[in-house]
Amino acid sequence: MQMRCTQADHRNQQIIGFCIESTCPNQRPYCHFCLPFHGYHLSKLTSYELLSEWMKERILIIQDIQTNIQECKIALDNVINLFLPYNNFNLSQFPELGLSQVDQIIKDLCQMQNREEKLFKQLKQSIEDQKSIVNEILKKKKYQSNIKQNDNTQIPYCNIDQQIQEQPKNQKQKLNPFTLELIIQNSIRQNEWCGAIAFNKDYSIVVAGSKKDIKVFQQIQGKLNQIQQLSWHKKLVSSLNFMKNTNNFVSGSDDNSIIIWQVIGNNQWKIQQILNGHSDVINCLVLSNNDDCIFSGSIDKTIKCWMKQDQWFCQQTINDHTDEVYSLSLNNQQNKLISCSKDSQIFIIEQQKFDKRWSITQKIKADKYGLRLCFINDDQFTFQPYVQEQMDVYQVDSNTKQYTKTREIAVKCGSSNDWCLFPQQYLKSKCLLVNKNGNNVNLMRKKENGDFIVYQSIEFRSYGIYGQFSDNGEYLITWDNISKEIQIRKFRENQS
């Protein structure tokens, strides 16, 4: 059903898209005449097709908040149960416990006392903020409901909300065939080696390695325009990751360093901090959803956890791998990290609830070492063994809580060599897994039964391929050492 613009002097023009910029004061559905009012945030304009996915993502965020609150309650209940026996404790019972146990009880209670003021202040403020947002939304919904009762004209926004809430219950997952089409005219010649590419949070900015430099591009509808070049690293840039909530990004390099790049306005970046701690090449980086934690894996066999306070610092180093670390991935809940190494081991590393330290809870010995892995959800991850025509799927056992290999998915490779850059990537909104393997980029979708189907394999003439998919699943950007081009491919789904 077509929607028409009701703005004065807009001539009943057809609605062509929607604005999702949170601070925009103008009407969100827009026509051609509305576009000038959204000129300062063109990257926040979305189409009919993508609006439903965007709304689903927002609802999933709310569900994640609910899950975190439930987990917080469980953790607090555990603390209460731990100290409940001492609620009616009598001092005359101290001799029966012994000095060491009494000492530990007092230490634990002191620790809780030291943290409770800050913890509950933050918690109370967070609750008040959420209540304020919810109350504002409820008032608007009530106002719209009153209008609807007094007017037979239907309000489409209410219907959209209802459809999205009911869709998961009433419809089965529908996976249509798709293709990635190369936009030939938008390819950019780059003779310098490019080992890493990354999109920012709204896909309007792309950063790409250029040997030891970093090129910054503005991205508009699949076309790149270079706006800056950053030069500090002394050797090849091996990893690039944008933060989730800002336009700051992180780079890792063969010079053993990690740099936090801070946006300074007008799409320009400068060095905020340099992290030195690794003694060899940085192979991989992953960032937490809150932008307060960075994990790095290196040829020096270590995984480092960097935390942010006033400055970034190395909070912890995991030394258990016996060879270089190739790939890292964080789960949805941000409390599990997986790693793979040339030592043919996969580590499951979990964050402890109280001291926030990370510890290895499972070591999996793989048949062959792999270069990349990726969490699909909290219970499942995928692992690509080195130049094998198969990808392994691991699933957690509900009883033992241990991960075991449950499936082998046939994938293309086409090479006897490969390198770990170009990490695996899972796009939840499209159930789409991007798995580079040798000369091929395999694009597959996850079915409801947990299996994967390969829909397209893009074959290059070399294993020297590096790139990333935009999180909205619209564009794949790659560089390879044969074409020596930054190439852009657009996702096109075949509607049945």
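The values are calculated or read from the model by the stated rules, or taken from the named source; none is laboratory data. On a predicted model such as this, the values are computed, not experimentally measured, just so you know. Cβ: placed from backbone, ideal geometry, glycine included. Neighbour counts: every protein chain shown.
Go over the candidates R407, R461 one by one and state the one that is out of contact with any Leu (no Cβ under 9 Å at 6 or more places or on another chain), without any contact (Cβ under 8 Å) to a residue 60 or more places away in the chain and in a strand (DSSP E or B). I'd like the intermediate steps shown before the answer.
Values: R461 fails: in a strand (DSSP E or B).
Only one candidate qualifies: R407.
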Mind checking which residues of region 369-386 are modelled with pLDDT under 95 and in a loop (DSSP other than H, G, I, E, B)? D378, D379
Inside region 289-302, can you point out the residues that are assigned to a loop (DSSP other than H, G, I, E, B) and either aliphatic (A, V, I, L, M) or in contact with a Phe, Trp or Tyr (Cβ under 8 Å, 6 or more places away or on another chain) (or both)? I299
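Would you check if S238 is buried (at least 19 other Cβ atoms within 10 Å of the Cβ), modelled with pLDDT of 95 or more and in contact with a Gly (Cβ under 8 Å, 6 or more places away or on another chain)? Break it down into steps so the answer makes sense when it comes.
Working: buried (at least 19 other Cβ atoms within 10 Å of the Cβ): yes; modelled with pLDDT of 95 or more: yes; in contact with a Gly (Cβ under 8 Å, 6 or more places away or on another chain): yes.
Yes; evaluated as a whole, the condition is true for this residue.
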For V454, the lone unmet condition from (1) at pLDDT below 95; (2) part of a loop (DSSP other than H, G, I, E, B); (3) of a type outside the set (S, T, N, Q) is (2)
Looking at region 317-337 only, could you name the residues that are buried (at least 20 other Cβ atoms within 10 Å of the Cβ) and either of a type in the set (S, T, Y) or part of a loop (DSSP other than H, G, I, E, B) (or both)? H321, Y326, S327, S329
Of the residues in region 304-324, how many are under 14 Å from V281 (Cβ atoms) and under 20 Å from the mean Cα position of the chain (by Cα)? 1
In the list C314, C284, C340, C305, which residue meets the criterion of being in a strand (DSSP E or B), touching a strand residue (DSSP E or B) at 6+ places or on another chain (Cβ under 9 Å) and touching a residue at least 60 places away in the same chain (Cβ under 8 Å)? C284
So if I check each of D378, D367, which one is over 21 Å from the mean Cα position of the chain (by Cα) and under 23 Å from K436 (Cα atoms)? D367
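Restricting to region 187-213, and then to whatever is of a type outside the set (A, V, I, L, M) and closer than 24 Å to I20 by Cβ, can you tell me which residue is farthest from the chain's Cα centre (by Cα)? Show your work before the answer.
At the first step, the residues of region 187-213 found to be of a type outside the set (A, V, I, L, M) are 187, 189-195, 199-204, 209-213.
The next check asks that each one be closer than 24 Å to I20 by Cβ; those that pass are 199-204.
Details: F199: 11, N200: 11, K201: 10, D202: 13, Y203: 13, S204: 17 Å.
This residue is S204.
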In region 204-249, the residues that are in contact with an Asp or Glu (Cβ under 7 Å, 6 or more places away or on another chain) and assigned to a loop (DSSP other than H, G, I, E, B): K211, H233, K234, K235, L236, M243, K244, N245, T246
Could you please find all residues in region 307-331 being touching a Leu at 6+ places or on another chain (Cβ under 7 Å) and either farther than 20 Å from N200 by Cβ or small (G, A, S) (or both)? Y326, S327, L328, S329
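Yes or no, residue by residue, for (1) out of contact with any Phe, Trp or Tyr (no Cβ under 6 Å at 6 or more places or on another chain); (2) free of Cβ contacts under 8 Å to residues at least 12 places away in the same chain; (3) closer than 16 Å to N266 by Cβ:
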| position | (1), (2), (3) |
| --- | --- |
| T179 | yes, no, no |
| I184 | yes, yes, no |
| W193 | yes, no, no |
| A198 | no, no, no |
| I205 | yes, no, yes |
| K212 | yes, no, no |
| Q218 | yes, no, yes |
| K223 | yes, no, no |
| I227 | yes, no, yes |
Contacts under 7 angstrom Cβ, first residue in region 241-268 being surrounded by fewer than 16 Cβ atoms within 10 Å (Cβ to Cβ), partner among the acidic types (D, E), 6 or more apart: K244/D291; N245/D291; T246/D291
Please go through region 28-58 and pick out each residue that is under 30 Å from the mean Cα position of the chain (by Cα), farther than 21 Å from I205 by Cα and part of a loop (DSSP other than H, G, I, E, B). R28
